[in-house]
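Note sheet for the following structure.
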Amino acid sequence: MEIKPFDPSRANEIIKQQVELGKSATKRWSYFFQTGVQRLMDVYSSPEFDPSTRLYAIEDELVGFITSKVLESRGEDELYLGDEMEKTANLMIPISHPYSEEVDRALLEAALDVLKSKGVKRVVCNVGFDWGKSELIESLGFSRYSDLLVEARCSVTEFPSDHRNCVNLEEKYIEDTAGLLSKHLGYSVKTARSVLLNPPESYTIRGSFCFVDDDVKGFVRVAEVGGVWQMGPVYTDDLYVATSLLGRIRQLMDEMKVESIKVLCGRQGQHLLKLLPFDFKPVIGSYKLEL
């Protein structure tokens, strides 16, 4: 087996093989989405792209790959390590197909050597607990330091019914709502507005609701993804506001005859979960390694 970096002269061929292998290897993983061919073409042809951060395991044909990125600014790093800042890299878990621990380990070791050569002091890796990779990265010295994503699966009967002061998100509420998200997530208002107005392409938005009392005091969004209804945290510090927004979601679910919903929350919004009466469990953990 050989480990080789990305070869720009074979970009089309390599990217198509990478996407095909990634989709085959991860089709049963929760919360993992293989990036498509066109998006990878765009990223890998940008001036900032570093081919040495994409490594491929070859045994006559492609059998695995791993990707990483050296984070060059505080803005890039804030989603991963809060206020800590050293030269840090984000490392994706290795992907092999058919699955091979030998291939995965070889890719990880080679990627860490590359990052070390670039002066990286800390490596962060996010791992889903149903991806089968946690023990492998722990064996290389990574330690889990927080949960990147938690979820709860809820029945509509667990939601309250009162929904006073809840309205659909309209243009006139966008600036106030962006400010609310900025406060709770630590984003700039500009970034929060972008998050608000540009949901992932895989999402079918079913409802975006604000609690309004003079100004916007709470926000929640409901989407359908792959046939499953899901919502994020309720953005508010007020229990009454949270309860009313949950009641509005219940009204929507009753109207649409939806019986259950998945509640998801990333690391930056987990302080909001105290207002939600559901049992959450971690589904993706964040690990780090000091080099």
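A few points about this structure:
- Exposure proxy order (Cβ contacts within 10 Å, fewest to most) of 176, 104: 176, 104
- Quotient of Cα Rg and 2.2 N^0.38 Å for segment 149-220, N being how many residues it contains: 1.21
- Positive minus negative residues near residue 32 (Lys, Arg vs Asp, Glu; Cβ under 13 Å): +3
- Computed over segment 241-291, Cα set: Rg, Dmax in Å: 15.2, 54
- Degrees separating the helix 239-256 axis from the principal Cα axis of the chain, which is the longest one: 80 degrees
- Calculated FRET value between residue 49 and residue 260, using beta carbons and R₀ = 51 Å, to 0.05: 0.75
- When the inverse distances between all different Cα atoms of segment 152-291 are averaged and flipped, the Kirkwood radius reads 15.5 angstrom.
- Degrees separating the helix 11-26 axis from the principal Cα axis of the chain, which is the longest one: 60 degrees
- Note on 205, 174, 66: ascending count of other Cβ atoms within 10 Å places them as 205, 174, 66, the fewest first.
- Listed values (1) 20.5, 63; (2) 23.5, 71; (3) 21.0, 66, entry calculated as Rg and Dmax of the Cα atoms in Å: (3)
- Working from the Cα coordinates of segment 2-141, the gyration tensor eigenvalues give, after taking √(5λ), semi-axes of 22, 19, 15 Å in decreasing order.
- The residues 71, 245, when put in order of fewest to most other Cβ atoms within 10 Å, stand as 71, 245.
- Database remark: amide H of residue 206 closer than 5 angstrom to the amide H of 222, 223, 224 (H placed geometrically; neighbours at sequence offset of 5 or more, or on other chains; Pro and chain starts carry no H).
- Selected from 181, 140, 115 as most flexible by GNM, with the chain as the system and alpha-carbon contacts under 10 Å: 140
Every read-out reported here was derived from the displayed coordinates using simple, explicitly stated rules and does not represent laboratory data. As the structure is a computational prediction, the values presented were derived from the model and not from experiment. In this analysis, Cβ positions are derived from the backbone assuming ideal geometry, glycine residues included, and neighbour counts consider all displayed protein chains.
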